[in-house]
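Data block below; observations after.
Every number here is computed from the coordinates shown, using simple stated rules; none is lab data. Since the model is a prediction, treat every value here as computed from it, not as a measurement. Note: ideal-geometry Cβ built from the backbone for every residue, glycine included; neighbour counts use all protein chains shown.
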């Protein structure tokens, strides 16, 4: 069954390395026959959170916010490309996510963490697990973590060297688990 998977990414930095991981994931899910699409917080450009989408009266949310709400509601699963900033959450991605709640409810989420260092965003992964569970998502147990991302994926999102080979091995189990939970949730909805 082909699934609709959104890959959410939130870096606002000038030289964004995590976009390589987002692109890799999109290509990987598309190769498996799924629809995969990037939701880039920088491109969506929501303001710092004041009102969530659900706080607006029907039809009065800003256009970009309403459009993304519809897209999130239509998705079968989410992958959060979670960079680690000072051992915590990436602020751009957190701001994007905080604008919504019911749009994510009862859907599976995978977390693909990364960092420039060797710890691969493990602190971010842990923090996102708590946050996404609190929002009603089922976070798959498989971790996909990329350390030294600049060496692991080149500019074209092609895996490099031993770390790239490990990423490809890890993606298989990650994708299988996300697909399993997305199909189960979709059947229930």
The computed P(r) of the range 1-64 puts the percent of Cα pairs beyond 20 Å at 45 percent
Residue 1 versus residue 74: modelled label distance in nm, points set 7 Å from Cα along the beta carbon direction
1.9 nm
Full extension between residue 173 and residue 102 adds, at 0.36 nm per residue less the Cα distance, a length in nm of 22.8 nm
Evaluate the distance, in nm, between pseudo-label points positioned 7 Å from the Cα of residue 151 and of residue 133 along their respective Cα→Cβ axes.
3.3 nm
Applying 1/(1 + (r/R0)^6) with R0 = 22 Å to the Cβ-Cβ distance of residue 160 and residue 14, what FRET efficiency is obtained, to the nearest 0.05?
0.50
Distance between Cα centroids, the range 33-97 to the range 162-189: provide it in whole Å.
21 Å
For helix 18-31, report the angle its Cα long axis makes with the longest principal axis of the Cα atoms of the chain; keep it between 0 and 90° and round to the nearest 10°.
90 degrees
Where does helix 63-74 land angle-wise versus the long Cα axis of the chain, in degrees 0 to 90, nearest 10?
70 degrees
Order of 122, 146, 7 - criterion: other Cβ atoms within 10 Å of each residue's Cβ, fewest first:
122, 7, 146
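Tell me, 35, 143, 107 in order of fewest to most beta-carbon neighbours within 10 Å?
Working: 35 14, 143 18, 107 23.
Least crowded to most crowded, the residues run 35, 143, 107.
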